[in-house]
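Here's the structure we're looking at; comments come further down.
The values are calculated or read from the model by the stated rules, or taken from the named source; none is laboratory data. On a predicted model such as this, the values are computed, not experimentally measured, just so you know. Note that each Cβ is placed from the backbone with ideal geometry, even for glycine, and that neighbours are counted across all protein chains shown.
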2 protein chains.
Amino acid sequence: MLLRLPQGYRAAGVFCGVKRSGKLDLSLVVSDRPAVGAAVYTKNLVCAAPVTIDRERTPSEAIRVVAINSGVANACTGDQGIADARQMAAWAAEAVDARPEQALVMSTGVIGSMLPMDKIQAGIQAAARELGDDEQSLDNAARGIMTTDTVPKLCGREVSIGGTLTRVTGIAKGAAMIGPNMSTMLSLIMTDAPLRVKDAQAALVDAVDESFHCISVDGHMSTNDTVILLANGAASPSPNPSPERGGGFPNPLTGKGLEDFRTTLFEVSEDLAQSIPADGEGATHLITVEVHGCRSRQDALRIGKTIADSPLVKTAIAGADPNWGRIVSAAGYAGVQFDPSKVTLHLNGLLLYERGAPVDFSPDAVSKSIAADRNTSIVLILEEGKACARFWTTDLTAEYVRLNADYHT
Amino acid sequence: MLLRLPQGYRAAGVFCGVKRSGKLDLSLVVSDRPAVGAAVYTKNLVCAAPVTIDRERTPSEAIRVVAINSGVANACTGDQGIADARQMAAWAAEAVDARPEQALVMSTGVIGSMLPMDKIQAGIQAAARELGDDEQSLDNAARGIMTTDTVPKLCGREVSIGGTLTRVTGIAKGAAMIGPNMSTMLSLIMTDAPLRVKDAQAALVDAVDESFHCISVDGHMSTNDTVILLANGAASPSPNPSPERGGGFPNPLTGKGLEDFRTTLFEVSEDLAQSIPADGEGATHLITVEVHGCRSRQDALRIGKTIADSPLVKTAIAGADPNWGRIVSAAGYAGVQFDPSKVTLHLNGLLLYERGAPVDFSPDAVSKSIAADRNTSIVLILEEGKACARFWTTDLTAEYVRLNADYHT
């Protein structure tokens, strides 16, 4: 798929020396005109300094730049960490002639280490010189935020909204924590659609709710998790969308146009979110857990997450074991009331358990179907109501343990 | 330690053919006089048939026998499973001349398989012939309930309560699920103290709350978890404690005597509970998580369990990595409100994090202290209140994954 930045954005990714590996470790994304900025953050009480700074600044009508470093998370770093995050944002703003509060920052990497500020400053300046609106620049930005990800994560859509070609393009990075604490799920989604601040924030909250909030690798919520949406309105057919005009947007989307945008944002969020467990540490399977027939979506999600977080379910899939007892018993301790004699389970489309009783099936056939495909589908059906939910996770392999145990601080 | 059955109990463990390994797989514990029976069960909605039967029968004033098999859990087995559990109890009662409702049953092993009833019947009859009150009989009973446990788990105390020598002796088995679904934490605690039913049940609930409810291996709650307390009053100095006298107990403990018993029960429960993660699948460390300075014990327990269940914390200990960021960030997502700038962390007695900020420490020294000792101590101190709690878990090793992934149903 041809993946391009939306109108009015430029991006760059550079190596500035935070990562010892020599790989790209600082990304800059700039909107040439002030963009609406919406964001959703980690619910972890122990949150990183950049999360504290960004929380003060979003939602906003006038974000110009987002600076992201990988290698050091700037988490558990006390007052100095807050000052450093603020300084990092100030340098990013300065590099694109914006006011300090028009800059957002994200960090991912080691917990408890201070940012190497001289390198960050040089990196921001270097990235500002390399900003481009081409595919390579976008790809570099996606690579500059990677930690233990094995592939950069990008996704986008080009759709016509109200007759105007509109793009929604996002980058993301993975969710496991390693070496010693390479943490965090980060994502930045850009659009040239024109949006009101409240509509952008509501659309992002809803999209995250059905995507980034429905994934796990190891169930360990990070200190830095952040999803940012920028909407600069540059795709609008409105006249004179010059970079200098400051805040205020032409014809913000409403009605059908807003609905179309929300659908596209949901699709992009879902693709980005899935790409995280798909690239989970040591993972050999992306597991999709669907739960049907619940009283509420909340119930379905809770059961899905409990199944997805069970190390016994995850090891069973790693071992291609059609171990339905682990799945059904995980549902039973999710804290949701249901009638256990009305539970049905399918794995990769094969019926394993029907209305509370085991059925005859070929363990060999199920095992082969798990082994043969990187995607595993678990479908649990209750008979309590009509609500359903999907949750995505990885399997749990010895390689995950090796990656996370074999580091010495 | 000399470990003996309390007065008036006999036990046996035999091989009846449920396990393919040829190891002991059926245990019988008999109280020669009717005993008060208290019990605490799994909260899993998907509970096994023996749990359903025992729930109907406890608390009780007149339990005579407990039959336990390993190898098949009799869980997710529908109506047939319930009938089988009832029949198993009936055979156990018959073997000791008791009424059917005076028998309790426990099962542990594969989920979704039916009990091999002919073998169970023969096993109960064989065990009844081998009942003894010696140490070997007790040891056999402890071995007959093992699944993936590497050692039998027994613990006991002999104390003087109100001038009468009283014993509290328990057996238990491990908590991980394997091969394909060897599940379950089971424990049976026997005492010759005289107790009222309500006092026995209350004492057991309180003891379990601070012991068996404070351990995890993989956080996967089993379908069969059961802890039973039998109290037959045979230690009482009361005259004529003959087996034939039926219900009703001489001088049930009250006041100081009851308090002394509760303390002893608590100690035995804690020892038995700890022995489970200490023998966790693939485990190389028993981790004790202490959380201090909380507003309530509930808060402290929730934080302790969240830390204990984090695969990242567990892999860090397996790798002897003093990875405090993983511990502090796990506390942050436990769902308990606290001031993250007032968090202090010690690992094996060494200060790693103080009032929200990293401190200088020797990673090498901490790493060596983890590697050198099978026991790891994590102490997290908040400044919200005075409540505290302890939680025990294992580390997470590649061996755990191998054990749980490499089985094919």
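With the requirement that a residue be modelled with pLDDT under 95, of a type in the set (Gly, Ala, Ser) and under 20 Å from residue A:15 (Cα atoms), what does segment A:80-116 give you?
Scanning segment A:80-116 gives A:109, A:113.
Just give me the residues in segment B:253-295 being β-branched (Val, Ile, Thr), modelled with pLDDT of 90 or more, closer than 20 Å to residue B:378 by Cβ and not in a loop (DSSP other than H, G, I, E, B), in sequence order.
Correct list: B:287, B:288, B:289, B:291.
Go through segment A:299-344 and report how many residues are closer than 15 Å to residue B:76 by Cβ, more than 8 Å from every other protein chain (Cβ to nearest Cβ) and not in a helix (DSSP H, G or I).
The qualifying residues number 2.
Scan segment B:48-67 and tell me whether some residue there is modelled with pLDDT under 95 and under 20 Å from the mean Cα position of the chain (by Cα).
yes
Is it fair to say residue B:349 is touching a residue at least 24 places away in the same chain (Cβ under 8 Å) and either hydrophobic (A, V, I, L, M, F, W, C) or assigned by TED's automatic domain parsing to the domain that holds residue B:381 (or both)?
Yes, satisfied.
Would you confirm, using the coordinates I've provided, whether residue A:137 is assigned to a strand (DSSP E or B), modelled with pLDDT of 95 or more, polar (S, T, N, Q) and in contact with a helix residue (DSSP H, G or I) (Cβ under 9 Å, 6 or more places away or on another chain)?
For residue A:137, the condition - assigned to a strand (DSSP E or B), modelled with pLDDT of 95 or more, polar (S, T, N, Q) and in contact with a helix residue (DSSP H, G or I) (Cβ under 9 Å, 6 or more places away or on another chain) - is not met.
Keeping to segment A:361-406, report how many residues are of a type in the set (Ser, Thr, Tyr), out of contact with any strand residue (DSSP E or B) (no Cβ under 7 Å at 6 or more places or on another chain) and buried (at least 23 other Cβ atoms within 10 Å of the Cβ).
2
Here's a check for you: in segment A:31-54, which residue that is part of a helix (DSSP H, G or I) and more than 14 Å from chain B (Cβ to nearest Cβ) is surrounded by the most Cβ atoms within 10 Å (Cβ to Cβ)?
Among those that are part of a helix (DSSP H, G or I) and more than 14 Å from chain B (Cβ to nearest Cβ), it is A:50.
Quick one: which residue in A:357, A:308 is buried (at least 23 other Cβ atoms within 10 Å of the Cβ), among the small types (Gly, Ala, Ser) and under 23 Å from residue B:184 (Cα atoms)?
Sole residue among the options that is buried (at least 23 other Cβ atoms within 10 Å of the Cβ), among the small types (Gly, Ala, Ser) and under 23 Å from residue B:184 (Cα atoms): A:308.
Output the number of residues of segment A:296-314 satisfying the condition of being modelled with pLDDT under 90 and not small (Gly, Ala, Ser).
3
Does segment B:168-210 hold any residues that are at pLDDT 90 or above and among the hydroxyl-bearing types (Ser, Thr, Tyr), and which are they?
Within segment B:168-210, B:169, B:187, B:191 meet the criteria.
Scanning for something surrounded by fewer than 20 Cβ atoms within 10 Å (Cβ to Cβ), more than 14 Å from every other protein chain (Cβ to nearest Cβ) and not aliphatic (A, V, I, L, M), does segment B:73-92 turn up at least one residue?
Yes, because at least one residue in segment B:73-92 is surrounded by fewer than 20 Cβ atoms within 10 Å (Cβ to Cβ), more than 14 Å from every other protein chain (Cβ to nearest Cβ) and not aliphatic (A, V, I, L, M).
Given the criteria within 30 Å of residue A:367 (Cα to Cα) and of a type in the set (S, T, N, Q), does residue B:397 qualify?
yes
Of the residues B:195, B:188, B:165, B:204, only one is assigned to a loop (DSSP other than H, G, I, E, B) and either of a type outside the set (Phe, Trp, Tyr) or not assigned by TED's automatic domain parsing to the domain that holds residue B:297 (or both); which?
B:195
Only one of (1) under 15 Å from residue A:70 (Cβ atoms); (2) buried (at least 21 other Cβ atoms within 10 Å of the Cβ); (3) modelled with pLDDT of 95 or more fails for residue A:119. Which number is that?
The one condition residue A:119 does not meet is (2).
Give all pairs with beta carbons closer than 7 Å in which a residue from segment A:331-345 that is closer than 17 Å to residue A:391 by Cα meets a residue that is in a strand (DSSP E or B); count only pairs at least 6 apart in sequence or on separate chains.
Here the result reads A:331/A:380; A:345/A:352; A:345/A:353; A:345/A:380, each pair linking segment A:331-345 to a residue that is in a strand (DSSP E or B).
Can you find, within segment A:55-72, the residue that is farthest from residue A:144 (Cα to Cα) among those that are buried (at least 24 other Cβ atoms within 10 Å of the Cβ) and not small (Gly, Ala, Ser)?
This residue is A:63.
Which of the residues belonging to segment B:345-366 are within 11 Å of another protein chain (Cβ to nearest Cβ) and either among the acidic types (Asp, Glu) or not in a strand (DSSP E or B) (or both)?
Correct list: B:354, B:355, B:356, B:359, B:361, B:362, B:363, B:364, B:366.
Could you say whether any residue in segment A:98-106 is surrounded by fewer than 18 Cβ atoms within 10 Å (Cβ to Cβ), at negative phi and in contact (Cβ under 8 Å) with a residue 40 or more places away in the chain?
Yes.
Name every residue in segment A:355-409 that is farther than 25 Å from residue A:278 by Cβ and hydroxyl-bearing (Ser, Thr, Tyr), in order of residue number.
Of everything in segment A:355-409, those that are farther than 25 Å from residue A:278 by Cβ and hydroxyl-bearing (Ser, Thr, Tyr) turn out to be A:362, A:409.
Could you tell me which residue of segment A:367-409 is farthest from residue A:213 (Cα to Cα), considering only residues that are within 8 Å of chain B (Cβ to nearest Cβ) and in a helix (DSSP H, G or I)?
That would be A:367.
Considering only residues of segment A:187-211 that are touching a strand residue (DSSP E or B) at 6+ places or on another chain (Cβ under 9 Å) and acidic (Asp, Glu), which is surrounded by the most Cβ atoms within 10 Å (Cβ to Cβ)?
Across segment A:187-211, the extreme among qualifying residues is A:192.
Can we say residue B:355 is within 24 Å of residue B:218 (Cα to Cα) and among the charged types (D, E, K, R)?
no
For segment B:1-30, give me each residue that is touching an Asp or Glu at 6+ places or on another chain (Cβ under 9 Å) and either over 28 Å from residue B:160 (Cα atoms) or not in a loop (DSSP other than H, G, I, E, B) (or both).
Correct list: B:9, B:10, B:11, B:12, B:13, B:14, B:15, B:16, B:17, B:18, B:19, B:28.
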